[in-house]
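Asker: Dropping the structure in here first, questions after.
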Amino acid sequence: MSRALSLIQVKYAERTAIKSRVFHEYAQHGLPDGELAMDYNYWIVRDGETVILLDTGYDVSEAEWLGEREVTAVPETLDVLGIDPSRVSLVVLSHYHFDHIGWLRLFPHAQVVAGRAEDEFWFGKLRTEEGLDGEFVDPRHLIEVQRARDEGRLTLIDAPTEIHPGIVVHPVSGHCPGQLLALVDTASGPRIVASDVAHFYEQIEHGWTFFVHSDLDDMRRSFETLRDLGAQHGAEIIPGHDARVRDRYPALPGAAGRFANLLG
């Protein structure tokens with residue numbers, strides 16, 4: 001990859017997590033329990049006038065799942081950043097959990113990219129008697145994915161794919177059946193937007209697994225994929241929910257600095 005893009009992380013909500021609740025079998029590490037600041041984010045890639053979203057966030061006022069507190073509603077963040085949702089050209093859905101696809105309805109003209117395994121699993125489950133009860137997927141959000149499919153705007157990925165010059169998505173599993181991570185060639189160097197492949201830096205550094213998982217062995221392999229891609233491309237890895245990301249990258253100037261940081 002050789003294209004220099006700008007990459008922005010946008011925080012729309014937050015909650016206070018407890019380590020022993022978010023890390024699977026945390027007690028085995030022999031470390032004290034404690035709080036962990038958890039941010040809820042989506043990411044914007046700009047290529048000149050072209051705007052691409054990695055995930056969409058969700059409407060916290062619509063349904064609070066785990067104690068999330070809204071910081072700035074997604075539509076307001078877009079307005080402050082000067083982004084017209086109707087002109088967003090591409091939306092990448094890392095996976096179908098509620099906090100990553102809940103605002104897809106804002107982008108009626110965007111092409112949509114998602115993982116084939118993710119799509120087939122959740123739509124297959126939706127058609128069963130069990131449905132989505134007890135899952136972190138909202139059937140109302142899947143309606144918008146189906147709308148994109150019906151309108152010919154949905155592309156499903158099952159192998160590493162360059163979806164835009166300078167953006168390559170890689171399908172992995174573990175947290176869910178078919179998540180996409182994104183390797184973005186920014187003006188400051190390559191960045192890997194892990195989304196929920198790794199929620200926190202501890203998962204990248206120590207391989208700690210998350211309490212929500214479809215397959216623990218696959219999750220551990222996805223950490224290896226993250227680290228291997230990072231080493232291969234000299235890329236910094238951005239975990240999906242770690243509040244410390246905002247300490248490591250500069251805030252945007254002006255009003256957007258309340259919720260947005262420039263990653264590259």
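Asker: Arranged from highest to lowest average of other beta-carbon atoms within 10 Å per residue, in what order do the peptides 226-239, 170-183, 32-45, 149-162 appear?
Answerer: 170-183, 32-45, 226-239, 149-162
Asker: Cα convex hull of region 192-255: mean projected area in nm², to one decimal?
Answerer: So the mean shadow area of the Cα hull is 5.1 nm².
Asker: Same structure, new question: Based on DSSP, what percent of beta bridges with both residues in the chain are antiparallel, to the nearest 5?
Answerer: Bridges in the chain that DSSP calls antiparallel: roughly 70 percent.
Asker: Give me the percent of the accessible area of the chain that comes from carbon and sulfur atoms, probe 1.4 Å, all protein chains in place.
Answerer: That share works out to 47 percent.
Asker: Per the Kirkwood treatment, what hydrodynamic radius in Å, one decimal, follows for the chain from the mean inverse distance over all distinct Cα pairs?
Answerer: 18.4 Å is the Kirkwood radius here.
Asker: With the chain treated as a Gaussian network of Cα nodes joined by springs under 10 Å, which of V168, V80, V212 yields the largest mean-square fluctuation?
Answerer: Looking only at V168, V80, V212, the biggest GNM fluctuation is shown by V80.
Asker: Same structure again: Please state the charge dipole magnitude for region 28-110, taken about the Cα centre, from unit charges on C-beta atoms (+1 on K and R, -1 on D and E), reported in debye and rounded to the nearest 20.
Answerer: Details: 4 positive and 15 negative charges, 67 e Å.
Computed charge dipole of region 28-110: roughly 320 debye.
Asker: What is the gain in length, in nm to one decimal, between T161 and T128 on full extension, counting 0.36 nm per residue of separation less the C-alpha to C-alpha distance?
Answerer: 8.8 nm
Asker: A further question on this structure: Could you tell me which residue out of I163, F223, L66 lies farthest along the dipole of the chain toward its positive end? Charges go on the beta carbon: Lys and Arg +1, Asp and Glu -1, centred on the Cα centre.
Answerer: Of the candidates, I163 comes out farthest on the positive side.
Asker: Moving on to the next point. Per residue, how much accessible area does the chain have with a 1.4 Å probe, in Å²?
Answerer: 42
Asker: I need the Debye-formula profile for region 148-188: one equal scatterer per C-alpha, no solvent, reported as log10 I(q)/I(0) at q = 0.27 1/Å, two decimals.
Answerer: Computed log10 I(q)/I(0) values: -0.95.
Asker: For the chain, what is the calculated [θ] at 222 nm in deg cm²/dmol (nearest 500), taking -39500 (n - 2.57) for each run of four or more DSSP H residues and dividing by its residue count?
Answerer: Estimated from H runs of four or more residues: -7000 deg cm²/dmol.
Asker: Which residues in region 196-211 place their backbone N less than 12 Å from a point set 7 Å from the Cα of L31 along the Cα-to-Cβ direction?
Answerer: Zone members listed by number: 200-209.
Asker: Follow-up. As a test of the definition: which semi-axes, in Å, follow for region 75-228 when you take the square root of five times each eigenvalue of its alpha carbon gyration tensor? Largest first, please.
Answerer: Equivalent ellipsoid semi-axes, largest first: 23, 22, 14 Å.
Asker: With a cap of 15 neighbouring Cβ atoms within 10 Å, and only residues DSSP puts in a loop, list the trypsin sites (Lys or Arg not before Pro) found in region 1-51.
Answerer: R3
The values are calculated or read from the model by the stated rules, or taken from the named source; none is laboratory data. Remember, it's a predicted structure, so these values are computed and weren't measured experimentally. Virtual Cβ from ideal backbone geometry, glycine too; neighbours counted across all protein chains shown. With ligands, DNA and RNA removed, areas are computed over all heavy atoms of the protein, side chains included. Shrake-Rupley method; radii C 1.70, N 1.55, O 1.52, S 1.80 Å.
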